[in-house]
């Protein structure tokens, strides 16, 4: 299958590198409005460089890793023509744009996947079987990332990773949201906190910052008789739980879980390609990407009131 990567900046260059290595995939070209950058990445991946995806033809797959505001305009003609498309998170800038792409994919039959790579983080995959009914979730995603993704607030840049994870792990609808955010170094919100209450009583407290001195990506789940802690940056998981004893009090058992060394982006692309070949939904569908965007937009709107 012939594939293209549109936008080969910080993340897109890795999409190109991995796609070029996947069996059964021919990287037909990389696209970037920065021709020099496109040529550099094309040379590294052994493919051709283009300044506009409309210069290409005969594509089966496309990965869009351009700035968020351009996602819908680039993706729509591809999806309408039946090109299976993976769009980096957030899927689009607005919910109306997301709805239009989802509807177009239904009409054309194209697979529409969204690049929430934390779903494929090996630490997250190792922890998932032990997270079945969380009652309280604490999330910290902090770092210094002022050099990129400044076209969106930190909620759509960083927090949306964890919003997607939580929506996939809590078996309930969102009941209410409280949020606060501050534009510290840019006109956009740079640090944010949200408290999400679900209808089943679970509460998630999330903090995201792109102006922190420390790099932290941790999520902790508290549930009846079990505690699970994920460090997605270090790819480590700790799990502790109560184990009933024949006599006396239960004991605490647990420790670090075994975490495989998979590259999240490679797992994500492998799933996307498999979804196309098997004619099935991808691990993160357009609808799921839209759900994460909807919650993120709701949070941002609260912060700007």
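Things worth noting here:
- Options 169, 206, 165: the member that is free of Cβ contacts under 8 Å to residues at least 60 places away in the same chain, crowded, with 22+ Cβ neighbours inside 10 Å and farther than 23 Å from residue 9 by Cβ: 165
- Being outside any strand (DSSP E or B), surrounded by fewer than 23 Cβ atoms within 10 Å (Cβ to Cβ) and at pLDDT below 95 holds for only one residue in 14, 10, and it is 10.
- Considered as a group, the residues in region 80-98 that are assigned to a loop (DSSP other than H, G, I, E, B) and within 26 Å of residue 159 (Cβ to Cβ) include one that is nearest to the chain's Cα centre (by Cα), and that residue is 89.
- Meets criteria (free of Cβ contacts under 8 Å to residues at least 60 places away in the same chain, more than 23 Å from residue 280 (Cα to Cα) and touching a helix residue (DSSP H, G or I) at 6+ places or on another chain (Cβ under 9 Å)) for residue 51: yes
- Selection from region 178-202 of residues that are more than 21 Å from the chain's Cα centre (by Cα) and surrounded by fewer than 19 Cβ atoms within 10 Å (Cβ to Cβ): 178, 180, 182, 183, 184, 185, 186, 187, 197, 199, 200, 201
- Flag for residue 62 being crowded, with 19+ Cβ neighbours inside 10 Å and not in a strand (DSSP E or B): no
Residues are listed down the side, and each one gets a yes or a no for (1) closer than 25 Å to residue 264 by Cα; (2) assigned to a helix (DSSP H, G or I); (3) at pLDDT below 95:
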{"site": "100", "(1), (2), (3)": "no, yes, no"}
{"site": "107", "(1), (2), (3)": "no, yes, no"}
{"site": "110", "(1), (2), (3)": "yes, no, no"}
{"site": "119", "(1), (2), (3)": "yes, yes, no"}
{"site": "123", "(1), (2), (3)": "yes, yes, no"}
{"site": "128", "(1), (2), (3)": "yes, yes, no"}
{"site": "141", "(1), (2), (3)": "yes, no, no"}
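The rows are residues; the columns are (1) modelled with pLDDT of 95 or more; (2) surrounded by fewer than 17 Cβ atoms within 10 Å (Cβ to Cβ); (3) over 24 Å from residue 81 (Cβ atoms).
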position: 21; (1), (2), (3): yes, yes, yes
position: 31; (1), (2), (3): yes, no, no
position: 36; (1), (2), (3): yes, yes, yes
position: 44; (1), (2), (3): yes, yes, yes
position: 52; (1), (2), (3): yes, yes, no
position: 55; (1), (2), (3): yes, yes, no
position: 58; (1), (2), (3): yes, yes, no
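- Verdict on residue 272 being buried (at least 17 other Cβ atoms within 10 Å of the Cβ), touching a strand residue (DSSP E or B) at 6+ places or on another chain (Cβ under 6 Å) and in the same structural domain as residue 90 (by TED's automatic domain parsing): yes
- Residue check, residue 77 farther than 20 Å from residue 298 by Cα, within 18 Å of the chain's Cα centre (by Cα), assigned by TED's automatic domain parsing to the domain that holds residue 279 and surrounded by fewer than 22 Cβ atoms within 10 Å (Cβ to Cβ): no
- Residue 290 in contact (Cβ under 8 Å) with a residue 60 or more places away in the chain and surrounded by 20 or more Cβ atoms within 10 Å (Cβ to Cβ): yes
- Only a single criterion out of (1) at pLDDT below 95; (2) in contact with a helix residue (DSSP H, G or I) (Cβ under 8 Å, 6 or more places away or on another chain); (3) in a strand (DSSP E or B) is not satisfied by residue 261, namely (3).
The values are calculated or read from the model by the stated rules, or taken from the named source; none is laboratory data. Model, not experiment: these values are computed from the prediction. In this analysis, Cβ positions are derived from the backbone assuming ideal geometry, glycine residues included, and neighbour counts consider all displayed protein chains.
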